[in-house]
Amino acid sequence: MIIKKIKLEIRPQTVEEEFDYLWWILKEMSFFRKNNYTVELPSHPIFLKLAQKSPKFGKINKAGLFDLFKKEIYDPSFFKKGIATLESYRPIFNKAISRFIEMNQKWGFKIFSKYSVLLTRYGPGGNYYPDEGKILTITNIDGDLKESCLGEALIHEIIHIGIEENIINSFSLNNWEKERLVDLICKLKFKDILSGYRLQKMGEKKIDSYITLESIENLPKVIKKYVADFPRC
């Protein structure tokens with residue numbers, strides 16, 4: 001299917017989406033603790049207790065917990081400030097659309113007819129879902145966004161989604177190669193839109209010499225050369 005138009009949906013997670021995401025977070029808390037992640041959680045004592053004890057989730061009354069969450073915790077008005085901030089970045093997204101489509105047509109950069117940017121109160125930070133065109137961003141205690149330069153973060157996450165399947169997975173790039181590649185695409189391909197974009201300090205810098213504005217025009221070819229020079233273990 002050829003996609004010529006792309007829409008951007010901006011909204012909070014629904015109560016069902018927010019609870020399911022929180023449920024997943026609670027089940028992953030041992031991993032987050034082990035890797036020293038800071039994780040935002042509801043201040044309600046029941047949820048804090050679940051996060052601390054790593055219980056057997058199969059024995060928990062999930063339906064009852066959802067009812068509690070819906071009645072006492074979930075508040076869609078909390079996200080009003082974050083929604084307004086995200087909406088202010090819509091022009092940046094609109095300027096970038098033609099380049100997403102161009103890369104799709106040239107070498108299969110994955111695009112969706114609609115991207116959904118959803119706000120959450122919980123978790124260790126933002127996330128992206130390459131099979132859904134969905135981006136999750138976390139809010140501060142006052143309802144504003146945690147990430148600085150959200151316009152940059154939005155393009156960054158869409159590029160993650162676009163290259164996950166046919167570049168990252170196909171060529172077995174590791175996390176730091178992936179992050180550096182996304183940074184370089186943002187810095188080069190979207191230079192005029194993201195004029196203040198800064199490369200992350202972490203990232204595999206040996207990929208830098210392979211990625212130029214010209215080589216991005218046929219990214220699979222240059223990444224194939226890169227992994228031939230630096231074979232996967």
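Structural remarks
- Screening the chain for whole DSSP H helices with an alpha carbon extent of at least 24 angstrom along the helix axis and a mean Kyte-Doolittle hydropathy of at least 1.6 yields nothing.
- Helix-only CD estimate at 222 nm, as mean residue ellipticity for the chain, using -39500 (n - 2.57) per DSSP H run (n ≥ 4): -14000 deg cm²/dmol
- Positive dipole terminus of the chain, leading residue within Leu194, Tyr89, Val182 (C-beta point charges): Val182
- Shape class for the range 34-90, computed from the alpha carbon gyration tensor (a ≥ b ≥ c): oblate, with a/c not under 1.5 and a/b at or below b/c.
- Per-peptide average of other Cβ atoms within 10 Å, ordering 97-104, 4-11, 150-157 highest first: 150-157, 97-104, 4-11
- Taking the charge dipole of the range 99-181 about its Cα centre, with +1 at Lys and Arg Cβ atoms and -1 at Asp and Glu Cβ atoms, the residue from Ile161, Leu119, Thr139 reaching farthest to the positive side is Ile161.
- Positive dipole terminus of the chain, leading residue within Ile46, Trp23, Ile207 (C-beta point charges): Ile207
- Of the peptides 119-128, 176-185, 54-63, the order by per-residue mean of other Cβ atoms within 10 Å, starting with the highest, comes out as 176-185, 119-128, 54-63.
Each reported figure results from applying straightforward, stated rules to the coordinates on display, with no laboratory input. What you are looking at is a predicted structure, and each value in this text was computed from that prediction instead of being measured. Cβ atoms come from the backbone with ideal geometry, glycine included; neighbour counts cover every protein chain shown.
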